[in-house]
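The values are calculated or read from the model by the stated rules, or taken from the named source; none is laboratory data. Owing to the predicted nature of the structure, the values given are computational and were not obtained by experimental measurement. Because the Cβ atoms are built from the backbone with ideal geometry, glycine has one as well, and the counts that use them run over all protein chains shown. What goes into the accessible areas is simple: the full protein's heavy atoms, side chains included, and nothing from ligands, DNA or RNA. Shrake-Rupley method; radii C 1.70, N 1.55, O 1.52, S 1.80 Å.
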Amino acid sequence: MKEFLKPIIASFINPNTKKIRPSKWVALIFFMLLTLVPIHQMATENTWLVKLILTTNIFAIFAISWDILSGYTGQENFGHHFFVGVGGFMVGLFTVALVKPGVVEGATQAALVNVNIPGGILILISGFLAAFFGLLIGVPCLKLSGPYLALATISMGLIFYEFVDKILPGLHPVIKSHATESIRGLPSLVSSPILFYYIVLIVTIISLLVLYSYSRSNYGFVLKAIKKDEPAAKAMSINTTFYKVTVFMVSAFFAGIAGAFLAYSLGSIAGADIQTNLGIKIISMCIVGGIGTISGSFGGSYFLMILLWSMNEIARLLSDITGIDGIVTFYKIFEDIFYFGAIVLVLLFMPHGILTSVINKFNARYLKKKSTELW
Amino acid sequence: MEQIMKKKYPKMKIACLILALLVAGVSLFAAVPAAEAEGGFSGLTRFMGMIQTTLVYGVFYALLALGFALIFGAARVVNLYHGTFYMLGAYLFATFARPSQFNFPFSAFLFFQIVIVAGMIYTGYKKFSEKESKNKPVFTKLRFPVVMLIFAEVPLLLLFLRVDLPIAGNLNLFISLIFTCGLIGLLSMLLNKAAIQPVKKESVAVLIVTIALAFFTERLIDAIYGSSNVPVPSFIETSTVQLIFDATIDSKRLLMFFVGIFLIAGVWLLMNKTKTGKGVLAVAQDSEAATLMGINTQFVFNFAIMLSAILAAAAGIFTTPFLGDASPAIWLGVVIKAFAVVILGGLGSIFGSVLAAFILAFVEKFTKFYISSSLEEIVFLVIIIIILLIRPQGLFGKKGRF
């Protein structure tokens, strides 16, 4: 056990100087600041900041769970929205669609499942279900890599979308097809939104700690070895199959949990929420932050979400000042374009990601360290 | 011809035979109970309907996959932007050819707009990647192209701000076709130069860049044209053409079928009879050996991507009139289908993908006509995954380099 924990502890505390590493202090202060965010809501009765940080945290879990699978192990998954959808629809089905009687043309149809699962257990179940799907996808996809894996995962996501859009609505009258809210009216997980914020924050911190430790442990080193050279790792008598399937399951588990929280925070879930562009948005967050570094993709998701939000605010302010309504509409049209433009620009001009590049430059200039290698 | 077939595609004949037997056997087997159930000719009509739909869609998928396989084979690059060429082809063609109530030559304006934007982006990219100015700050390097871009783009910005100006060119259909193909060709060269070549070493980075650019273009088209669909004019009036056994076919589909066959034959001739095409095939076999034999690989990449983009645009122009109007999101299904067909055909086997296109079209349309039309897409996607798991190198391909 001590041998297992040694590299993890070393990533938090410098073993030579016995001091906590400076980057961990930054993270600690950052999370301390995040715990203070609800004060804003209590003081001003405005919910925008809490909502923004809540959504960002959920997306950050998506990003770090993608990163452990694709950035670390090199199994590029283009269908991460599939696991998100599994979590989200699990919550949607077992809180509304299957447990409540539906009314169609005046006649009441009985509920399909007559159990009421408490929210916390439901979230855990959706995580495990997503992990199970991760196993189902991970085992057959062991042979595949690169474009072949990309095609397989995109197709998985599309199959799930088709299933949700065409087959699921036939199951129960409450579920609607071709709508932006196919299952609506989800109950809130806890009574107050501030408590929900804290729950999501704690889950985010736990996920970050777990995945960061996972990547810095001996398991993580094996994952890196698989990415660099899989035959070489096999030659070192490493059972790469086990590690690849495990990391698929771990990644899917966290994505499923975050998907369940996404459904709770939206109050509804639909096929439109889990389309292919969600998968690409998750990838864009990791790439902007720096692929293959858990903290980088965490920072990248915060960077992108807050950048987009502040541009929205600037557009609103400008339209308030100038009196032209067109600016906000203009921005709304272009919001997604920024996502996809950012990913292209960063990949072409800064392939290590913005945050990683900045950290590497800092390290090179002040600490005389070599930059880490990516891709 | 037979010797060439034997030499280059030794399994082609066997595969053709298997396909023909499969189609004939399975469909006849399925046609009998359908005929019994509905009585008389309806089963046969349904069968004929399936066959003609299979043929039309087979040509359609072949046209898409041929281009995709060209880049996949020659440059070892998976270009997920391929579907966007299809979408853009339909949109640009509709833009140039739609009738407008103004005599204002909007299409010429649009044409020059796009050329200016492409040129400025290219200049900016060139300036950015210059070696001697590496130490200059970014904004100094990009000042000229950015200022020019802003000047050129003020009219387009006005368009984006919901000015109700009908985007229509009122041009002759053939001139529109030439304009569209030219623009798409330029765009594909630009894509190759600016986005694919810098990250070409990493196959996954190419995937991410191209799919992100495809989503980018989707949103851009959404912003310019609005989310409502755009009708694409057709070269031919809608009418039904009588075939044998009471079967009829839409004239637009028939046009698509013949144009597609013509284009595929043209590409086959280009690949096998001209020096350029032979160069592409040589690079597809072994790019290093081809370089040693004096083939300009860079030119071959450019040529392959241009040809593939123009084929996709042609498919967009001729299929959207009967598939429904052009909408910004159609590219994803198209690119997935092209990718699947190429995987089934096999890496490095460019004309194997033509056969694979017919096989997949048959499977899809068989599901539609005899099982359920809502299962069509799911069956197609499930087949992709089964192919990937059982035989990732495809029917006619060798073990790939990926």
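So is A:Thr47 closer than 30 Å to A:Lys176 by Cβ, of a type in the set (Val, Ile, Thr) and surrounded by 17 or more Cβ atoms within 10 Å (Cβ to Cβ) or not? Show your work before the answer.
Working: closer than 30 Å to A:Lys176 by Cβ: yes; of a type in the set (Val, Ile, Thr): yes; surrounded by 17 or more Cβ atoms within 10 Å (Cβ to Cβ): no.
In short, no.
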Filtered residues of region A:310-329 (kept if open to solvent by 40 Å² or more (accessible area, probe 1.4 Å) and more than 11 Å from chain B (Cβ to nearest Cβ)): A:Met311, A:Glu313, A:Ile314, A:Arg316, A:Leu317, A:Leu318, A:Asp320, A:Ile321, A:Thr322, A:Gly323, A:Val328
Of the conditions (1) closer than 24 Å to A:Gly271 by Cα; (2) touching a Leu at 6+ places or on another chain (Cβ under 7 Å); (3) assigned to a helix (DSSP H, G or I), A:Glu76 satisfies every one except a single condition; which number is it? (3)
Evaluate the following for A:Glu335: is it within 14 Å of chain B (Cβ to nearest Cβ), assigned to a helix (DSSP H, G or I) and open to solvent by 10 Å² or more (accessible area, probe 1.4 Å)? yes
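Select, from A:Ser284, A:Ser301, A:Ser268, A:Ser295, the only residue that is touching a strand residue (DSSP E or B) at 6+ places or on another chain (Cβ under 8 Å) and under 30 Å from A:Pro193 (Cα atoms).
Sole residue among the options that is touching a strand residue (DSSP E or B) at 6+ places or on another chain (Cβ under 8 Å) and under 30 Å from A:Pro193 (Cα atoms): A:Ser268.
Does B:Ile249 count as of a type in the set (A, V, I, L, M) and part of a helix (DSSP H, G or I)?
Details: of a type in the set (A, V, I, L, M): yes; part of a helix (DSSP H, G or I): no.
Spelling it out, it is not the case that B:Ile249 is of a type in the set (A, V, I, L, M) and part of a helix (DSSP H, G or I).
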Could you please let me know if A:Ile280 is over 23 Å from the mean Cα position of the chain (by Cα), part of a helix (DSSP H, G or I) and at negative phi? no
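Just to check your reading of the model, which residue among A:Phe94, A:Phe83, A:Phe132, A:Phe78 is on the phi < 0 side of the Ramachandran plot, open to solvent by 60 Å² or more (accessible area, probe 1.4 Å) and at pLDDT 80 or above?
Values: A:Phe94 fails: open to solvent by 60 Å² or more (accessible area, probe 1.4 Å); A:Phe83 fails: open to solvent by 60 Å² or more (accessible area, probe 1.4 Å); A:Phe78 fails: open to solvent by 60 Å² or more (accessible area, probe 1.4 Å).
Being on the phi < 0 side of the Ramachandran plot, open to solvent by 60 Å² or more (accessible area, probe 1.4 Å) and at pLDDT 80 or above holds for just one of A:Phe94, A:Phe83, A:Phe132, A:Phe78, which is A:Phe132.
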Here are some residues: A:Ala225, A:Ala150, A:Ala233. Which one is open to solvent by less than 60 Å² (accessible area, probe 1.4 Å), within 14 Å of chain B (Cβ to nearest Cβ) and in a helix (DSSP H, G or I)? A:Ala150
Selection over region B:277-299 where residues are open to solvent by 40 Å² or more (accessible area, probe 1.4 Å), in contact (Cβ under 8 Å) with a residue 12 or more places away in the chain and touching a helix residue (DSSP H, G or I) at 6+ places or on another chain (Cβ under 6 Å) yields a count of 1
Which count do you get for residues in region B:206-236 that are free of Cβ contacts under 8 Å to residues at least 40 places away in the same chain, farther than 29 Å from B:Ile71 by Cα and open to solvent by less than 30 Å² (accessible area, probe 1.4 Å)? 1
Evaluate region B:300-320: report whether one residue or more is farther than 28 Å from B:Lys278 by Cβ and without any contact (Cβ under 8 Å) to a residue 60 or more places away in the chain. no
If we scan region A:299-309, do we find a residue that is open to solvent by 30 Å² or more (accessible area, probe 1.4 Å) and of a type in the set (Val, Ile, Thr)? yes
Right, A:Leu34: over 29 Å from A:Gly271 (Cβ atoms), at pLDDT 85 or above and in contact with a helix residue (DSSP H, G or I) (Cβ under 7 Å, 6 or more places away or on another chain) or not? yes
Of the listed residues (A:Ile194, A:Ile206, A:Ile175, A:Ile202), the one being in contact (Cβ under 8 Å) with a residue 60 or more places away in the chain and either open to solvent by 40 Å² or more (accessible area, probe 1.4 Å) or within 24 Å of A:Met156 (Cβ to Cβ) (or both) is A:Ile175
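Within the group B:Ala37, B:Ala65, B:Ala31, B:Ala108, which residue is modelled with pLDDT of 65 or more and either out of contact with any Asp or Glu (no Cβ under 6 Å at 6 or more places or on another chain) or assigned to a helix (DSSP H, G or I) (or both)?
On the way: B:Ala37 fails: modelled with pLDDT of 65 or more; B:Ala31 fails: modelled with pLDDT of 65 or more; B:Ala108 fails: modelled with pLDDT of 65 or more.
Going through B:Ala37, B:Ala65, B:Ala31, B:Ala108 in turn, the sole match is B:Ala65.
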For region A:34-65, what are the residues that are more than 21 Å from the chain's Cα centre (by Cα), without any contact (Cβ under 8 Å) to a residue 60 or more places away in the chain and in a helix (DSSP H, G or I)? A:Ile39, A:His40, A:Ala43, A:Thr44
Within region B:192-217, residues being at pLDDT below 85 and within 17 Å of B:Ala312 (Cα to Cα) number 0
Among (1) buried (at least 22 other Cβ atoms within 10 Å of the Cβ); (2) at the interface with chain B (Cβ under 8 Å from one of its Cβ atoms); (3) among the β-branched types (Val, Ile, Thr), which single condition is A:Val164 missing? (2)
Could you please find all residues in region B:335-350 being closer than 21 Å to B:Phe262 by Cα and open to solvent by less than 10 Å² (accessible area, probe 1.4 Å)? B:Ala338, B:Val341, B:Val342, B:Gly345, B:Ile350
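On the basis of being touching a Leu at 6+ places or on another chain (Cβ under 6 Å), within 20 Å of A:Ile8 (Cβ to Cβ) and part of a helix (DSSP H, G or I), does A:Val247 make the cut?
On the way: touching a Leu at 6+ places or on another chain (Cβ under 6 Å): yes; within 20 Å of A:Ile8 (Cβ to Cβ): yes; part of a helix (DSSP H, G or I): yes.
Judged against the criteria, A:Val247 is a match.
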Enumeration of residues in region B:74-105 that are crowded, with 24+ Cβ neighbours inside 10 Å, at pLDDT below 85 and within 14 Å of chain A (Cβ to nearest Cβ): B:Ala75
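Could you tell me which residue of region A:209-222 is most open to solvent (accessible area, probe 1.4 Å), considering only residues that are of a type in the set (Gly, Ala, Ser) and in a helix (DSSP H, G or I)? Show your work before the answer.
Narrowing region A:209-222 to residues of a type in the set (Gly, Ala, Ser): A:213, A:215, A:217, A:220.
From what's left, in a helix (DSSP H, G or I): A:213, A:215, A:220.
On the way: A:Ser213: 25, A:Ser215: 2, A:Gly220: 0 Å².
Among residues in region A:209-222 that are of a type in the set (Gly, Ala, Ser) and in a helix (DSSP H, G or I), the one most open to solvent (accessible area, probe 1.4 Å) is A:Ser213.
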Of those in region A:339-374 that are open to solvent by 60 Å² or more (accessible area, probe 1.4 Å) and touching a helix residue (DSSP H, G or I) at 6+ places or on another chain (Cβ under 6 Å), the residue modelled with the lowest pLDDT is A:Ser371
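If the requirement is being within 25 Å of B:Leu375 (Cβ to Cβ), open to solvent by 10 Å² or more (accessible area, probe 1.4 Å) and either free of Cβ contacts under 8 Å to residues at least 40 places away in the same chain or more than 14 Å from every other protein chain (Cβ to nearest Cβ) (or both), which of these qualifies: B:Leu323, B:Leu332?
On the way: B:Leu332 fails: either free of Cβ contacts under 8 Å to residues at least 40 places away in the same chain or more than 14 Å from every other protein chain (Cβ to nearest Cβ) (or both).
Only one candidate qualifies: B:Leu323.
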